[in-house]
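The values are calculated or read from the model by the stated rules, or taken from the named source; none is laboratory data. Since the model is a prediction, treat every value here as computed from it, not as a measurement. Here the Cβ positions follow ideal geometry from the backbone for every residue, glycine too, while neighbour counts run over all protein chains shown.
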Amino acid sequence: NTYTFETAQESAQYLLDRVKIRPKIGIICGSGMGSIAESLVDKQCFPYEEIPHFPASTVKGHTGQMVFGYLQGVPVMCMQGRFHYYEGYPLWKCAMPVRVMKLVGVTHLIATNAAGGLNPTYQVGDIMIVKDHVNMMGFAGNNPLQGPNDDRFGPRFPPMNKAYNTVLMEIGRQVAQEMGIDDIVHKGVYTCLGGPNFETVAELKMLRMVGVDAVGMSTVHEVITARHCDLTVFAFSLITNLCVTEYEDHGEANHEEVMDVGKARQPLLQEFVSRIVIRLTD
Ligand SMILES: Cc1cc2[nH]c(=O)nc(N)n2n1
């Protein structure tokens, strides 16, 4: 891991020297959800390539820039496009923007992602508020915190039993109620696999057995890194396809479908995140 505390500080300082706002809220926009960043007022955009020590984003549909601005009057910084393990980045590199957010002064992280619905009650287009995760990649020791620990970020052995803030989850549920969408907003367990392939039927049956409700290829390592440096975390998945858990079912998960659902749900997601952000500043 070549991103030392000082390296992350240089990335943060580059941004602090160029933006006037001091956001307390960081948002990671998942696949097809970049419109949250597009909607910011008084936007200032920094392509990842421009930021010292940032990797370059390579996934179709990910613009790859850090966007500062106001969301309903609240100063935020948004990752429009993120780094994925399947692109070839180690997990610590995928998650380093979270440490930069911390050093910019962020205290709350809202992480969004697209995911396959494993819970049979979920429909495409639903939202799953993450109440917990299964760090499947971590079971084999593949973890963003691997290697020497820098106490200036956090402890060597951080607890993860309270990773997803219950107050923010409750706010999410209340916002869903206010918006009249509580029938499509669930609370569940998310897991991240390395990808880039989608899962086999046998793999999905196994994940279902261990209580997973949605499966994706991101977020867990960013949340672990966020909790390590004591950010308060709220995360949700947009269910972009229903996982194929029967051999007779001939549907197939695909990236286009993931992007299409993301696009279709833009307005609703923007409203959902905006209302939560406003509640955070109460
Ligand atoms: C973004 C995304 C969407 C899906 N769907 C799925 O079935 N399995 C996944 N791993 N992912 N990841």
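See the values below:
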quantity: Cβ-Cβ under 9 Å pairs, at least 6 apart or on other chains, segment 149-161 side surrounded by fewer than 12 Cβ atoms within 10 Å (Cβ to Cβ), far side in a loop (DSSP other than H, G, I, E, B) and of a type in the set (A, V, I, L, M); calculated: R156/L145
quantity: Filter pass, Y70 being within 16 Å of the ligand (Cβ to nearest atom) and not aliphatic (A, V, I, L, M); calculated: no
quantity: Pairs where the first residue, in segment 104-131, is at positive phi and the second is part of a loop (DSSP other than H, G, I, E, B) and modelled with pLDDT under 95, C-beta under 6 Å, 6+ apart; calculated: G125/R265
quantity: Residues located in segment 267-282, provided they are modelled with pLDDT of 90 or more and more than 18 Å from H186 (Cα to Cα); calculated: P267, S274, V277, I278, R279, L280
quantity: Pairs with Cβ under 8 Å, 6+ apart, first in segment 211-224 and in contact (Cβ under 8 Å) with a residue 40 or more places away in the chain, second of a type in the set (D, E) and within 11 Å of the ligand (Cβ to nearest atom); calculated: V215/E199
quantity: Residue in segment 198-216 that is modelled with pLDDT of 95 or more, out of contact with any helix residue (DSSP H, G or I) (no Cβ under 7 Å at 6 or more places or on another chain) and more than 16 Å from the ligand (Cβ to nearest atom) present; calculated: yes
quantity: Strands (runs of 3 or more DSSP E) completely within segment 52-137 that count 1 or more residues being within 15 Å of the chain's Cα centre (by Cα) and of a type in the set (D, E); calculated: 127-134
quantity: V189, sole failed condition from (1) more than 16 Å from the ligand (Cβ to nearest atom); (2) crowded, with 17+ Cβ neighbours inside 10 Å; calculated: (1)
